[in-house]
Structure formats: structure tokens, C-alpha cells
Amino acid sequence: SLRESSIDTGHDNCCDLARRQSLGFFTDVTTRDWLLKSEIFHSTQPNIQVPGLLKRPFFLRKTMEKSAKFWEENFDPEFTCYHERRLGGLGDGGKWVCDPHRIGQLSNDDGTRTCLVYSVGSNGNAHFEESVRDVLLKNGHCTKENLEIHTFDLKAWNERNGEFKDRVEEAGGTFHNWGIKTGAFSFNTTDYKIPKNLRLLFKTFAETFKELGHSNRQ
């Protein structure tokens with residue numbers, strides 16, 4: 001659990017709590033700051049206006065018809081990274097990344113160091129992949145040999161960008177023609193109106209890790 005019962009930092013060596021609870025991602029956040037972030041996170045929960053909304057797909061669909069109103073009332077930012085950065089520019093294609101300079105700082109079980117990036121959603125626009133490649137190659141942890149960028153999308157082609165696979169590979173990434181779902185998310189409902197032939201194109205992160213051989217990667 002992120003939550004601790006005391007703000008007292010005497011039980012921790014500077015940044016050990018943040019390092020442990022972030023699985024090694026935040027290595028320089030003091031215990032006092034981490035506990036304050038934890039308290040902020042817990043104070044936002046549940047971070048949704050209507051209890052049980054995600055279990056009511058019809059209501060969710062109706063709410064999403066007015067997306068500006070939906071995001072005004074649901075899922076406010078609950079954890080802010082110290083050096084979050086938008087990569088890929090403004091508008092379609094760009095994505096926010098939590099402290100990209102930290103990517104690649106951990107070693108795998110065999111002692112090797114790798115930089116692994118997942119990009120979910122593409123529409124054939126590879127601005128994010130190009131930007132994350134350039135930024136990570138400058139951060140000192142990543143090299144052309146150990147940087148992997150994997151992009152996922154249900155579609156594989158459109159008239160504007162052509163073959164998504166080609167655009168992603170030009171940016172140094174690998175394209176996968178499937179979407180990402182949570183383990184608890186089900187398409188066994190007519191409210192989502194997702195064609196049966198598309199339902200098989202979704203995989204969980206666990207299934208994706210296994211298929212791509214990433215289960216034990218940092």
C-alpha cells in the first residue's frame with residue numbers, strides 16, 4: 001500500500017520508501033514528500049463522480065457523448081510526477097510521460113539495462129514515437145541497442161497516414177495490431193456495441209507481456 005500511518009521519516013533512509021513502492025522508478029524522492037503525495041492520492045479516491053459508473057456501460061456511453069463535461073467531473077489528476085513531459089508535440093500524436101529521464105535507470109535480473117516503452121493508440125501518427133526515441137537516447141540510460149518502443153492500435157491503416165506499421169518503424173518502433181484492455185473489462189454487453197470480430201483484438205497487459213517476452217522486464 002502507498003499509504004503510511006505516520007509522516008515520521010526516522011524509519012526510512014531518505015528515499016527508500018518511494019523507491020520500494022514505485023518499484024524502483026522514483027529513486028530520489030524523500031519519504032516526507034512521498035507520504036504527502038500518497039495522502040493527496042488517497043484524498044482523491046474515489047476519483048469518479050458517480051459510484052459504480054464503470055459497471056454501468058449504458059450510463060458511461062451516454063455520459064461520454066459530452067466528453068468535456070465528463071472529464072470535468074471525473075478522473076482528475078491524482079498523482080503528479082516531478083518532471084512530467086509531453087512528448088510528440090501538442091494535439092493528436094503527443095502524449096504525457098512521467099519523468100522520462102528515469103526510463104532505463106533500472107537493471108534487469110541478468111544485469112542488463114533496457115529501455116522499454118509502450119505507446120497505446122496511434123492512428124498512424126508517430127510523432128510520439130519519434131520524440132520519445134530522441135529524448136531517451138539523450139538521457140544517458142538508453143542506447144539504440146537497448147531501446148524498444150512498442151505501439152498498439154486496433155486499426156492498422158488509414159487514408160491520411162497509410163500503413164501504421166510503416167510509420168512506427170520509421171520512428172524506430174514496432175507496431176502491434178491489437179488494443180489493450182484491463183483484466184476486469186468485459187465486452188459481453190451490447191451497450192458497447194463492439195463488433196465480435198474486434199473483441200478478439202484486445203489483450204490485457206499480462207497477455208501482452210507474455211506474448212512479447214516482457215514479463216520479467218524492468
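Brief remarks on what is shown
- Fully extending the segment from His42 to Glu207 would add 56.5 nm, taking 0.36 nm per residue of separation and subtracting the current Cα-Cα distance.
- Between Arg113 and Asp166, the contour length at 0.36 nm per residue exceeds the alpha carbon distance by 16.3 nm.
- For Leu147, residues with placed amide H under 5 Å, excluding near neighbours: Cys115
- Amide H within-cut-off set for Ile180, under 5 Å, with H built and near neighbours excluded: Lys203
Readers should treat all values here as calculations from the given coordinates under stated rules, not as data from a laboratory. All of these numbers come straight from a predicted model, not from anything done at the bench.
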